[in-house]
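What follows draws every value from the coordinates through simple rules; no lab data is involved. Bear in mind that the values here come from a model prediction, so they are computed numbers and not experimental data. Glycine also receives a Cβ, built like all others from the backbone with ideal geometry; neighbour counts cover every protein chain displayed.
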Amino acid sequence: MRRLLLAIAAALSASTSSLASAQTLKVVMHSDVKALDPIWSGAYITRNHGYMLYDTLFAIDEKLQVKPQMVESWTTSDNGLVWTFKLRDGLEWHDGTPVTSEDCVASLKRWSARDSMGQKLAQSLQEYKIVDPRTFQIVLKEKFGPLLDAIGKPSVVTPFMMPKKTAETDAFKQIDDYIGSGPFVFKKDEWKPGEKLVYVKNPKYKPRPEPMAGLAGGKVVSVDRVEWVWIPDPETQLNALLNGEIDMIESVSYDHLGVLAKSKDIRIVPNKTSNQYVFRMNWLTPPFNNVKVRQAVTYALSQEEFLQANIGDKRFYRLCKAMFTCDTPLASTAGMEGLLDGNAAKSRELLKEAGYDGTVVVMPQPTDLGVIKQLAPVAKSQLEKAGFKVEIQPMDWQSMVTRLTTKKGPPSEGGWNAFGTSWVQLDILDPLMTPYLSATCDKARAGWPCDEGMEKLRDKFVAATTEAEKKAVAEEVQRYAMQIVTHVPLGEWFGAAAVRANVGTMAVPPPVTVFWGMTKK
């Protein structure tokens, strides 16, 4: 009996020790999560959720170079039309079943239905061919130069790999099964919308042997559990971090940087990747179904007020009219002459020519996402100076995302006319990847521009073979985009995270918030 009691005591002690040593990261992300399907939703918070539990065929390193991730090796035929990919050994779904070529092909098909680059790839595709359980081919009708860039793109829509039965879900409907093969397992039973999401370390995950670099390399997980705790109020977030109740704030309010910098227990982690504010209009309903009314917007708006209202600190923003962002190979101001200078008189002139009848512009405003919260009020002020009538409708960000995605009709039917949002630089570096340049009608992203000329220009960019050709086509695309007005760039900003001093991050944080490579002492 004594021996049995000692054994029980030892087991209890080991259990208690294990619980005590379990490392949990508690994090406030930039938004709550309501949509869990990163193919269906374009929200960055849903993309971040995707990186927790899904893996990708390829990934980008800190130099934005595409590297293999789930893929072990690949070859290309001499004519460039047959690409053969072999998966790494030992890849498993969270339920223990092996990842197969069929899973990957089904995932690529679903992704390509929703992504601007994927849609272009699909136009050049002849077929996907299964060679064996670990090998598949992409067979093309015509060369598609940026193929690896497409299937290795890091952001919306990220081509995450899912099990075949999940990936066969209609791309325009949300999935309801969240089994991945990535470094974390989603605890759906602990998900409390509006409160928290929970992820635990995937003990069966097999990282690549290379060092972590950007989103590429070995995804080494050093914590046992990650909790995304939703705290909508920035002041409450700040106090929770200072008091040690949470370990990290993904997107810090700029008003709090001074307070945090004075604390020896807090470390500021600036993001070196820029973000671009944009104004997007619904082409399907008045008044923005009229191109002259859309053009009037390009004269009415001015960047400085948007950046001041949302960021305020000049260290973290810059004026930039380049559609493909400043300080990049395709940066240009072509076609921007006279635009975005707050020219209300020119805007009123165009509205008169367009026969604008005073139709109210309904703009949803996210009340719980600080970095874009003030876009709608600034746009309202500038547009009203030019003669528009504008109504703002406040709501939480996730409700706004759902409304933008699912409601194509007029505001009287639950729809919308325009909204302000932000894109990370990684999504908008060229005419092919920039989601808002896709003018594929009902297949385009919310706003649904429909223009054959734009699609021909994007095809021309795909066909460009030299950097000079790409630059020339990119400028042509930018000029044309501002004529038909797919969207309007409103300047660039840089974010910053804050972590407790006992939390370790990668030396060069990746451009997407991920939790492999993070430690907690």
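What the table below lists for this structure:
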item	result
Positive-end extreme of charge dipole, the chain - chosen from 220, 343, 59 (charges on Cβ)	220
Approximate spin-label separation residue 222-residue 168, in nm, with each point projected 7 Å along Cα-to-Cβ	4.2 nm
Per-residue HN-Hα couplings for the range 212-225 [Karplus 6.51, -1.76, 1.60; θ = phi - 60°; Hz; x = Gly/Pro]	5, 8, x, 9, 9, x, x, 7, 8, 9, 10, 10, 8, 7
The range 303-366: trypsin sites (Lys or Arg not before Pro) in DSSP loop, at most 11 other beta carbons within 10 Å	none
Given (i) 192; (ii) 203; (iii) 155, the label whose value is volume of the Cα convex hull per residue in Å³ derived from this model	(iii)
Taking the range 275-493 and dividing mean pair separation by its residue count, relative contact order in percent (alpha carbons under 8 Å, at least six apart)	35 percent
Free-standing Cys residues across the chain, given no other cysteine C-beta under 4.7 angstrom	104
Derived scalar couplings ³J(HN,Hα) [the range 149-164; Karplus, 6.51 cos²θ - 1.76 cosθ + 1.60; whole Hz; x for Gly, Pro]	4, 5, 7, x, 5, x, 9, 4, 8, 6, x, 6, 8, 10, x, 3
For residue 222, distant residues with modelled amide H under 5 Å away	517, 518
Size of electric dipole in the chain: Cβ of Lys, Arg +1 and of Asp, Glu -1, about Cα centre, debye, nearest 20	760 debye
Residues residue 128 and residue 463, FRET efficiency given R0 of 22 Å [Cβ-Cβ distance, rounded to 0.05]	0.45
Two-site FRET efficiency, residue 190 against residue 413, from Cβ-Cβ distance with R₀ of 30 Å, rounded to 0.05	0.20
Packing-based exposure ordering (other Cβ within 10 Å, fewest first) of 427, 95	95, 427
Estimated distance in nm for a label pair at residue 142 and residue 384, the labels positioned 7 Å out from Cα along Cα-to-Cβ	5.0 nm
Cα-projected label distance for residue 501 with residue 176, points at 7 Å along beta-carbon direction, nm	5.0 nm
480, 51 arranged by Cβ crowding within 10 Å, fewest neighbours leading	480, 51
Gain in span if fully extended, residue 483 to residue 443, counting 0.36 nm per residue against the direct Cα distance	12.3 nm
Degrees, to the nearest 10: 344-354 long Cα axis against longest axis of the chain	70 degrees
Too-long pairs where the Cα-Cα distance tops 21 Å, listed order kept, from 264/520; 264/373; 120/456	264/373
Contact order relative to length of the range 375-417, as percent, for alpha carbon pairs under 8 angstrom and 6 or more apart	21 percent
Reachable aspartates and glutamates from residue 321, criterion Cα separation under 18 angstrom, eight or more residues apart if same chain	304, 305, 337, 341, 427, 430, 475, 476, 492
Relative contact order, percent, the chain [alpha-carbon distance under 8 Å, six or more residues apart]	19 percent
Residue 63/residue 88 FRET efficiency (R0 30 Å; Cβ-Cβ; nearest 0.05)	0.85
Under 20 Å from the residue 349 label point (7 Å along Cα→beta-carbon), backbone N, the range 279-304	291-303
Unit charges at the beta carbon, dipole of the chain: most positive-side option, 489, 464, 253	253
Sorted by Cβ neighbour density within 10 Å, fewest at the top, the residues 441, 320, 326, 104	441, 326, 320, 104
Cα gyration tensor category, rounded, prolate or oblate, for the range 275-493 with a/c compared to 1.5	rounded
Stretch gain in nm, segment residue 22-residue 406, where the contour uses 0.36 nm per residue and the Cα spacing is subtracted	134.1 nm
Amide hydrogen neighbours beyond the local backbone of residue 58, cut-off 5 Å, H modeled	69, 70
DSSP-loop trypsin sites (Lys or Arg not before Pro) across the range 99-156, with at most 14 other Cβ within 10 angstrom	141, 143
Residues whose placed amide H lies under 5 Å from that of residue 496, excluding near-sequence neighbours	252, 271
³J(HN,Hα) computed for each position of the range 384-400 - Karplus, 6.51 cos²θ - 1.76 cosθ + 1.60, integer Hz, glycine/proline x	5, 4, 8, x, 6, 9, 10, 10, 9, 10, x, 6, 6, 4, 5, 5, 5
Between helix 452-463 and the chain: long-axis angle, C-alpha atoms, 0 to 90°, nearest 10	50 degrees
